[in-house]
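First, the structure itself, so that you have it in front of you.
The values are calculated or read from the model by the stated rules, or taken from the named source; none is laboratory data. The shown structure was predicted, so the numbers you read here are calculated from the model rather than taken from an experiment. So basically every Cβ, Gly included, is an ideal-geometry build from the backbone, and we count neighbours across all protein chains shown.
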Amino acid sequence: MIKEVIVVEGKQDVHAVRRAVDADCIITGGFTLSAYTLEQIQHAYYKRGIIILTDPDSAGERIRKFLTQRFPEAKHAFVPREAASANNDIGIEQASPEAIRTALGKVRYLEWKPSEEFNWSDVIDAGLTGIPDASGYRATLGAELGIGYANAKGFLQRLNHYGVTRQEFEQAVARLASKQSKEI
């Protein structure tokens, strides 16, 4: 049983989460969260803690951002876009139990005082921007680090805001480089 309450967008997301883990969930019902839903989330936040697990799309990111502003000490889990895509749809309800368990195993906190560990040259040097398929590489690295997908600027922000260490980053980059060299 997961101690925290998992915040998801819809009923089908709850079913997907419960196929993966034993957990309580709260449904946002999309971006137009009712006062009652916000009260439920707030109660869970203070009593047990919450894990925000929204869809890996723009609507899910808007909901995550809104909830993060209201609940700054919430935990975050990210299912990669490719693991949450099926039937021409993207969402947690499309993710396999294994993908959800993996995401929940890589839960991150948004740092109160973001580090300045990483800078733009780290993004460029790692091939996360300015090369063909940098977008795909960021998606793969984001899944590996448990910080999800973002454009290059957003990825740099996530590296510094979600407590990724230099060692974690370098090891993940090395693992992915090794995988790529074996595929060639």
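Looking at the stretch 56-71, is at least one residue at pLDDT 95 or above, farther than 15 Å from I147 by Cα, assigned by TED's automatic domain parsing to the domain that holds K106 and in contact with an Asp or Glu (Cβ under 8 Å, 6 or more places away or on another chain)?
The answer is yes; a qualifying residue exists.
Any residue that is surrounded by fewer than 18 Cβ atoms within 10 Å (Cβ to Cβ), part of a helix (DSSP H, G or I) and outside the structural domain of G30 (by TED's automatic domain parsing) - is there at least one of those in the stretch 108-120?
yes
Does T165 satisfy being hydroxyl-bearing (S, T, Y) and modelled with pLDDT of 95 or more?
Here the answer is no, as T165 does not meet what is asked.
Only one of (1) under 15 Å from V8 (Cβ atoms); (2) assigned by TED's automatic domain parsing to the domain that holds N151 fails for L33. Which number is that?
Among (1) under 15 Å from V8 (Cβ atoms); (2) assigned by TED's automatic domain parsing to the domain that holds N151, L33 violates only (2).
Listed here are the residues, each with its yes/no results for (1) in the same structural domain as L159 (by TED's automatic domain parsing); (2) in contact with a strand residue (DSSP E or B) (Cβ under 8 Å, 6 or more places away or on another chain); (3) among the small types (G, A, S).
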{"residue": "A44", "(1), (2), (3)": "no, yes, yes"}
{"residue": "K106", "(1), (2), (3)": "no, no, no"}
{"residue": "I124", "(1), (2), (3)": "yes, no, no"}
{"residue": "Y137", "(1), (2), (3)": "yes, no, no"}
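Give me a count of the residues in the stretch 1-30 that are closer than 20 Å to S96 by Cβ and assigned to a loop (DSSP other than H, G, I, E, B).
Of the residues in the stretch 1-30, 6 are closer than 20 Å to S96 by Cβ and assigned to a loop (DSSP other than H, G, I, E, B).
So which of I147, I131 is under 20 Å from A20 (Cα atoms), of a type in the set (A, V, I, L, M, F, W, C), outside the structural domain of G29 (by TED's automatic domain parsing) and part of a loop (DSSP other than H, G, I, E, B)?
Exactly one of I147, I131 is under 20 Å from A20 (Cα atoms), of a type in the set (A, V, I, L, M, F, W, C), outside the structural domain of G29 (by TED's automatic domain parsing) and part of a loop (DSSP other than H, G, I, E, B), namely I147.
Related question: List pairs: first in the stretch 106-121 and under 18 Å from E4 (Cβ atoms), second acidic (D, E) and part of a loop (DSSP other than H, G, I, E, B), Cβ under 9 Å, 6+ apart or cross-chain?
V107/E4; Y109/E73; L110/E73
With (1) surrounded by 20 or more Cβ atoms within 10 Å (Cβ to Cβ); (2) among the hydrophobic types (A, V, I, L, M, F, W, C); (3) in the same structural domain as T68 (by TED's automatic domain parsing) as the list, and A99 as the residue in question, which single condition is left unmet?
So the condition that A99 fails would be (1).
Looking only at the stretch 25-81, count how many residues are in contact (Cβ under 8 Å) with a residue 60 or more places away in the chain and more than 13 Å from the chain's Cα centre (by Cα).
Number of matching residues: 1.
Another question about this same structure. Take the residues in the stretch 13-23 that are of a type outside the set (A, V, I, L, M) and touching a helix residue (DSSP H, G or I) at 6+ places or on another chain (Cβ under 8 Å); name whichever of them is surrounded by the fewest Cβ atoms within 10 Å (Cβ to Cβ).
Within the stretch 13-23, the match that is surrounded by the fewest Cβ atoms within 10 Å (Cβ to Cβ) is R19.
Scanning the stretch 158-178 for residues that are part of a helix (DSSP H, G or I) and in contact (Cβ under 8 Å) with a residue 40 or more places away in the chain, which turns out farthest from Y109 (Cα to Cα)?
V173
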